[in-house]
Amino acid sequence: AAGVIQSPRHLIKEKRETATLKCYPIPRHDTVYWYQQGPGQDPQFLISFYEKMQSDKGSIPDRFSAQQFSDYHSELNMSSLELGDSALYFCASSLDRQGGNEQFFGPGTRLTVL
Amino acid sequence: AQSVTQLDSQVPVFEEAPVELRCNYSSSVSVYLFWYVQYPNQGLQLLLKYLSGSTLVKGINGFEAEFKKSETSFHLTKPSADMSDAAEYFCAVSDRGVTGGGNKLTFGTGTQLKVEL
């Protein structure tokens, strides 16, 4: 079965650079969630999209932006990178219905900021 | 606002011994409850979920969890640990009945399960 695809899997950037993370949800899934997991931390919700519209927003810095495209893939854009942005970034997709939808997680993108 | 508490950051067990990983939650609304497992350098895999109905939920790899509303708990158990169970386990909640992409997960801080021979 198709799973959530994230690219790249690893990314190394310098401080103040920009980064773009991509997420390809499971086919026919209409909802994408982004989470950030710092070293030794639990995943923290950043932002979500439903049917290409932003649906919810968590603790996402203003330096970050995201969108969901017509083919439902999503991109997380990160600018002016800081050392503290080094983390594992997960994308999850789901098929929205009356609550309780299971979120399927991708393998994550490990971002290292030097 | 929701919160999830996993009091044990690390739980050591011997192989074939029973496992219990504790999870308590706090929420002003009804919630759905989940347990995810994360192996090193991998994504999160759903072990089991409680949406409604029977409060005893069975998941993959022989794990199960019981929802106790009066105790706001959702502890994860397994009768006999296997070496392959060594991983990080996260308990998570989301609001019940939310649609339109609003089902964000709130995670606990995780419990590292260590399985010893």
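The values are calculated or read from the model by the stated rules, or taken from the named source; none is laboratory data. Note that the structure is predicted; figures quoted are calculated from it, not measured. Note: ideal-geometry Cβ built from the backbone for every residue, glycine included; neighbour counts use all protein chains shown. The area values use the complete protein model at the heavy-atom level, side chains included, leaving out ligands, DNA and RNA. Shrake-Rupley method; radii C 1.70, N 1.55, O 1.52, S 1.80 Å.
Odds and ends about this structure:
- Ignoring lysines fewer than eight residues from A:K22 along the same chain, the ones with Cα atoms less than 21 angstrom from its Cα are A:K13, A:K52, A:K57, B:K104.
- Restriction of the trypsin sites (Lys or Arg not before Pro) in the range A:1-78 to DSSP coil positions whose beta-carbon has at most 12 other beta-carbons within 10 angstrom yields A:R9, A:K15, A:R16, A:R28.
- B:M83 contributes an accessible area of around 80 Å² to the protein surface, as traced by a 1.4 Å probe with all chains present.
- The smallest convex shape that holds all Cα atoms of the protein assembly as shown, its convex hull, gives 123 Å³ per residue.
- Modelled spin-label separation between A:S80 and A:A1, with each label point placed 7 Å from Cα along the Cα-to-Cβ direction: 4.2 nm.
- Sparse-neighbour loop sites [GluC sites (Glu not before Pro); the range B:1-38; at most 15 other C-beta within 10 Å; DSSP]: B:E15, B:E16
- Nearest-0.05 FRET efficiency for B:L117 and B:S28, computed from C-beta distance (R0 41 Å): 0.35
- Residue order by solvent-accessible surface for B:S70, A:S94, A:S86, A:S65 is B:S70, A:S65, A:S86, A:S94, largest first, with ligands and nucleic acids left out and a 1.4 Å probe.
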